[in-house]
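These notes concern the structure reproduced below.
The values are calculated or read from the model by the stated rules, or taken from the named source; none is laboratory data. These numbers come from a predicted model, not from an experiment. Don't worry about glycine lacking a Cβ; one is built from the backbone with ideal geometry, like all the others, and counts go over all protein chains shown. To get the accessible areas, we keep the full protein, side chains included, count just its heavy atoms, and leave off ligands, DNA and RNA. Shrake-Rupley method; radii C 1.70, N 1.55, O 1.52, S 1.80 Å.
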Amino acid sequence: MSQEDPACCGSGCTSCVLDVKPSKHTLPPDVVNVFDRTYKQFRCECVTPAADNVFRFRFRYVPVIGDDRERLIVPPGCHLMLRALRSALHQPDRKSDSSPEDNPLLRWWEANPVQPGGEEHAKQKLEKHDKSEDDLYLSRPYTPIAFDQERGTFDVLVKLEPGGQMTHHLVTLSAGSRTEWKGVYGDFLWTRNRYRHVVAFVQGVAIAPVYSTLRSILDDEGDETRLTLCACFRNLAGVLLRDELRSLAGYWNFAYAIYLSRRTCACAAAGVERCNCLAARLRYNEPIHDRRLAAAEIERLLQRPLADGKPSLLVLLCGTESFTSFIKSTVEKLEIENCYTF
């Protein structure tokens, strides 16, 4: 999309998150998706801590007119847009009825004060590129990790940033707060059993689109695709969806491994290269490793499914540009044909 397009959010995205191409996702003729690419109101149902600086929000659709055909549907890997009025962005009211003890967002806000100059830096970083467009709203994309089409709810993982403009809006939310969302956006399409193997590499909160995709494949009893997930996080406290991944490991066709880039125990501070501190904090057979994912390990993970032929393997990537470039170097080295980056 060009920045002259009236629907452009003006953020100058390289891969536009407001892709206005017609959706390739089809629905049954008697079903109408709540998400029709116009903003709809959703009520915040609950907020729970998910990891360091990351919270899980659940939102419920607020219908204007009841329609029995309406269902809330988010295809795997697709994202939604949240918008907020810039004039309404403000710091949480410390005199409000909600106390930090009752509200995890306020506890986070109290523990993560904005550093001097932090807000100005955030404003410069998020400055709109389209100077001619009315600057009324701030919008950001988020990928649901789960949704309930009957109840009209969806869950998103949100990483909060001290001084972030959308963070100012999000930390003011509590049960009952109203928000505006639209969607769905994304061009990833999955066909049952199209590939024999899917190997996915994710980093941090970017686990969301890949998790929703793998979850949908596992929920399809007729899909026998073998799935492998490699998830990279900073430390154990930052691991997202830990319980959910452990639960998915009960499926015969799913395996995963988690890699931590930083050791936070006293042994690491003392310069001890190897210790058992992490093992003492893990559950039985939990595949979490206190080391970075190395190129040799990536190659080993990809070589196994390649035995069934290159066309039978799909690689999924989601993370920062440096992270995905690192993985792609091995993908290209092995001449893997099918690779999709969210």
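What number of residues within the range 225-238 satisfy the criterion of being surrounded by fewer than 19 Cβ atoms within 10 Å (Cβ to Cβ) and either touching a helix residue (DSSP H, G or I) at 6+ places or on another chain (Cβ under 6 Å) or among the polar types (S, T, N, Q) (or both)?
Selection size over the range 225-238: 1.
Listed residues Gly222, Gly204, Gly176; which is modelled with pLDDT of 95 or more and surrounded by fewer than 20 Cβ atoms within 10 Å (Cβ to Cβ)? Quick ask: steps written out before the conclusion?
Working: Gly204 fails: surrounded by fewer than 20 Cβ atoms within 10 Å (Cβ to Cβ); Gly176 fails: modelled with pLDDT of 95 or more.
Among Gly222, Gly204, Gly176, only Gly222 is modelled with pLDDT of 95 or more and surrounded by fewer than 20 Cβ atoms within 10 Å (Cβ to Cβ).
Based on this model, can you work out whether Phe154 counts as in contact with an Asp or Glu (Cβ under 9 Å, 6 or more places away or on another chain), surrounded by 21 or more Cβ atoms within 10 Å (Cβ to Cβ), in contact (Cβ under 8 Å) with a residue 24 or more places away in the chain and farther than 20 Å from Ser312 by Cα?
Values: in contact with an Asp or Glu (Cβ under 9 Å, 6 or more places away or on another chain): yes; surrounded by 21 or more Cβ atoms within 10 Å (Cβ to Cβ): yes; in contact (Cβ under 8 Å) with a residue 24 or more places away in the chain: yes; farther than 20 Å from Ser312 by Cα: yes.
When the stated conditions are applied, Phe154 passes them.
In the range 1-22, is there at least one residue being under 22 Å from the mean Cα position of the chain (by Cα), open to solvent by less than 40 Å² (accessible area, probe 1.4 Å) and modelled with pLDDT of 60 or more?
Checked the range 1-22: no residue is under 22 Å from the mean Cα position of the chain (by Cα), open to solvent by less than 40 Å² (accessible area, probe 1.4 Å) and modelled with pLDDT of 60 or more.
Restricting attention to the range 317-339, which residues are open to solvent by 30 Å² or more (accessible area, probe 1.4 Å), more than 16 Å from the chain's Cα centre (by Cα) and under 15 Å from Gln203 (Cα atoms)?
Ser322, Ser325, Phe326, Lys328
Quick grid of which residues meet (1) surrounded by fewer than 16 Cβ atoms within 10 Å (Cβ to Cβ); (2) of a type outside the set (Phe, Trp, Tyr); (3) modelled with pLDDT of 90 or more; (4) out of contact with any Cys (no Cβ under 7 Å at 6 or more places or on another chain):
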| position | (1), (2), (3), (4) |
| --- | --- |
| Ala249 | yes, yes, yes, yes |
| Arg262 | yes, yes, no, yes |
| Ala270 | yes, yes, no, yes |
| Arg274 | yes, yes, no, yes |
| Ile288 | no, yes, yes, yes |
| Ala294 | yes, yes, yes, yes |
| Glu299 | yes, yes, yes, yes |
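Taking the condition over 21 Å from Ala84 (Cβ atoms) and buried (at least 22 other Cβ atoms within 10 Å of the Cβ), does Ala146 pass?
On the way: over 21 Å from Ala84 (Cβ atoms): yes; buried (at least 22 other Cβ atoms within 10 Å of the Cβ): no.
The answer is no for Ala146.
Is the range 238-246 home to any residue that is in a loop (DSSP other than H, G, I, E, B), at pLDDT below 95 and closer than 26 Å to Arg56 by Cα? Full working, then the answer.
Looking only at the range 238-246, we keep the residues that are in a loop (DSSP other than H, G, I, E, B), and these are 239-241.
Applying the additional criterion that residues be at pLDDT below 95 yields none.
For the range 238-246, residues in a loop (DSSP other than H, G, I, E, B), at pLDDT below 95 and closer than 26 Å to Arg56 by Cα: absent.
From the residues in the range 72-105 that are at pLDDT below 90 and of a type in the set (Lys, Arg), which one is surrounded by the most Cβ atoms within 10 Å (Cβ to Cβ)?
The qualifying residue surrounded by the most Cβ atoms within 10 Å (Cβ to Cβ) is Arg86.
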